[in-house]
Amino acid sequence: MAETQNKKEIKKDDGLLLGTKMSFLLMLPASLLMLPTVVFIFLAMMPTLVALLSGYKGNKRFQWMCVGGVNFAGALYFLFQLWFESATVGSALFLFLQVKTIVVTYGAAAVGYGIYKIVPFIVTNIQVMADQHRLVYLRGVQKKLIEQWGPDVAGDNK
């Protein structure tokens with residue numbers, strides 16, 4: 001039985017590997033057709049790639065999504081400029097090497113890093129405040145129950 005399960009796992013892994021190879025074979029010609037876009041996106045999304053590689057394992061595995069979303073939003077305006085003006089590799093490089101483009105795209109990535117660092121702190125503090133409010137409420141309910149039923153309800157058998 002274990003042998004048939006191992007064969008199923010191997011076949012499943014082979015299917016995944018085949019799908020990955022097929023995706024690569026389809027993506028390669030598509031990326032060559034859209035080479036200016038690929039060049040610009042690669043350069044503009046470099047902070048996302050760094051976040052992905054630095055936090056691939058461990059507790060930073062969602063860092064790249066936060067940085068990448070904001071980074072892509074910052075690069076999208078310039079990507080539209082590339083598409084609607086002149087989509088050549090030279091114009092993609094020229095567009096990216098402008099100071100405004102670098103500041104906006106990499107600044108957006110910095111905002112993503114900030115969001116990644118600040119939001120857990122804010123959510124934790126809100127949760128602590130909600131828990132404290134709930135504790136005060138429950139202590140009030142407990143006090144009313146003790147007044148109504150006596151001190152044995154509290155369960156403090158000292």
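The single residue among 71, 59 that is modelled with pLDDT of 85 or more, of a type in the set (S, T, N, Q) and within 30 Å of residue 119 (Cα to Cα) turns out to be 71. Can you say whether residue 111 is at pLDDT 95 or above, at negative phi and loosely packed, with under 10 Cβ neighbours inside 10 Å, as far as the supplied structure shows? Criteria not met by residue 111. The helices (runs of 4 or more DSSP H) found entirely in region 45-148 that carry 2 or more residues being in contact with a Ser or Thr (Cβ under 7 Å, 6 or more places away or on another chain) and in contact (Cβ under 8 Å) with a residue 40 or more places away in the chain are 63-84.
Only residues that are more than 19 Å from the chain's Cα centre (by Cα) and surrounded by fewer than 16 Cβ atoms within 10 Å (Cβ to Cβ) were counted in region 39-80, giving 2.
The set of residues in region 114-148 that are surrounded by 13 or more Cβ atoms within 10 Å (Cβ to Cβ) and not aliphatic (A, V, I, L, M) comprises 114, 116, 142. Criterion applied to 144, 60, 100 was being under 30 Å from residue 33 (Cβ atoms) and basic (Lys, Arg), and the one residue passing it is 100. Yes or no: region 28-37 includes at least one residue that is modelled with pLDDT of 80 or more and under 24 Å from the mean Cα position of the chain (by Cα). Scanning region 28-37 turns up at least one residue that is modelled with pLDDT of 80 or more and under 24 Å from the mean Cα position of the chain (by Cα).
The values are calculated or read from the model by the stated rules, or taken from the named source; none is laboratory data. Nothing here was measured: the structure is a model prediction, and the numbers come from that model. Don't worry about glycine lacking a Cβ; one is built from the backbone with ideal geometry, like all the others, and counts go over all protein chains shown.
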